[in-house]
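Here is the structure we will look at.
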Amino acid sequence: MKVITSISQMQQEVQALKNDKLSIGYIPTMGYLHEGHVRLVNKAREENDIVIMSIFVNPLQFGPNEDLDAYPRDFERDREIAKNEKVDYIFYPSVEEMYPSKPSVTLVVQKRVDVLCGSTRPGHFDGVATVLAKLFHIIQPTRAYFGMKDAQQVAVVDGLITDLHFPIELIPVETVREEDGLAKSSRNVRLTSKEREEASVLYKSLKEAEKQIFAGERDIEVIISNMKNTISKNSSGAVDYIEIYSYPELENLEILEGKFIIALAVKFSNARLIDNLVITL
């Protein structure tokens, strides 16, 4: 496994891989790897000749009230995990390498960002789109892998690839879950033991909603109300939002049809958890 910190060297390596007609699977990360990232690597390994992972904590996607310096970092640990999972290259640039001066061009995401978590993080997905555009140009992957735990990010990346005509196949990978259904997250360790037991109700509420929909329920307000009741009766968590939109467009629905997402966020004492389910009728 090679660790590369220079954009020019990464581009040279990629060009050599392209000359050899090798397919490239790419996993962009901000490091502090967990089982969700490993799932992405495994999927990329299955479908490509070469796997490239980037580790870069992108300052452009942190808001003024979000502590960039406090974001967890442990490159040595990440490198060992990547090596064990047979990643071929880690692209590990510094902030100075990626942004040697204030950018003269950044991207603004016009759609799919004013709902769900994006509604309270203005500018966040502009930063995500800007850094991904740079990384896609540098790495030129055949396929790019993203976890569906952050389904809004997947929707934004889908729009980025489509609108800017990147010749990249977007591969969404299903959420990695604990045995009781709770979506795996580094935030789960912040739950008290009681909250951890309660937190399984998030996925349970999503699956109950799915069952109701396939049984014929089409009233969005009824579905959301039932989910809120399930969560409030079975946990101490406070519902931040439960929303249903078309997917990946993330637009309001008059009636439930086609492909749509049910997404939720619930606040516990020291952790805010998100989860979702994408359904096709």
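The values are calculated or read from the model by the stated rules, or taken from the named source; none is laboratory data. Just so you know, these numbers come straight off a predicted model, no measurement behind them. Cβ: placed from backbone, ideal geometry, glycine included. Neighbour counts: every protein chain shown.
Can you spot a residue in the range 73-83 that is modelled with pLDDT under 95 and under 26 Å from L33 (Cβ atoms)? The answer is yes, given that some residue of the range 73-83 is modelled with pLDDT under 95 and under 26 Å from L33 (Cβ atoms). Among the residues of the range 27-41, the ones that are over 14 Å from F91 (Cα atoms) and either part of a strand (DSSP E or B) or among the acidic types (D, E) (or both) come to 1 in all. Check K102, K134 and return the single one that is closer than 20 Å to E169 by Cα, free of Cβ contacts under 8 Å to residues at least 60 places away in the same chain and of a type outside the set (V, I, T). Residue meeting the stated conditions: K134. Candidates S200, S185: the one that is hydroxyl-bearing (S, T, Y) and either surrounded by fewer than 18 Cβ atoms within 10 Å (Cβ to Cβ) or within 27 Å of N19 (Cβ to Cβ) (or both) is S200. If you go through the range 154-167 and keep only what is surrounded by 20 or more Cβ atoms within 10 Å (Cβ to Cβ) and within 24 Å of E35 (Cα to Cα), you end up with V154, A155, V156, V157. Filtering the range 54-107 to residues that are part of a helix (DSSP H, G or I), among the polar types (S, T, N, Q) and under 20 Å from the mean Cα position of the chain (by Cα) leaves only Q61.
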